[in-house]
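Inspection log for the structure reproduced underneath, given as structure tokens.
Nothing in this text is a laboratory measurement; each read-out follows from the coordinates by a stated rule. The model shown is predicted, which means the values in this text are computed figures rather than measured ones. Reconstructed Cβ throughout: ideal geometry from the backbone, glycine too, with neighbour counts over all protein chains shown.
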């Protein structure tokens, strides 16, 4: 979350499995595969681009974690504070993340936000 708030592409890339089978769901449609997800992060985090939303804080709490071999998921509450079009906004929702253990490290393979 810290890398996302800081608009740090390298930090965000570090926490994802960089394979074609990963998925990041959005309201409109899912982004599938690291090539698409990574490209979207690069575009969003470009210092020359209009950031749209400027994040001030993002936190997670109330974790429900399940582990099965090299796959795990966590369901949690996410709190976001950001400015969009000059308005300060607070947004609370639930989020589900799936992780895969690759080379001894847990990395994201699926993100599903729930409103």
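When DSSP beta bridges are restricted to pairs lying wholly in the chain, around 95% turn out antiparallel.
Relative to the longest principal axis of the Cα atoms of the chain, the long axis of helix 34-45 lies at roughly 30 degrees. Here's the picture: a label point sits 7 Å out from the Cα of residue 40 along the beta-carbon direction, and within the stretch 17-34 the residues with their amide nitrogen under 13 Å of it are 22-34.
Placing a label point 7 Å from the Cα of residue 62 along the Cα-to-Cβ line, the residues of the stretch 85-112 whose backbone N sits under 12 Å from it are 92-95.
Full extension of the chain segment joining residue 83 with residue 15 gains 22.0 nm, where the gain is 0.36 nm per residue of separation less the Cα-Cα distance.
Projected over every direction and averaged, the convex hull enclosing the alpha-carbon atoms of the chain yields 7.5 nm².
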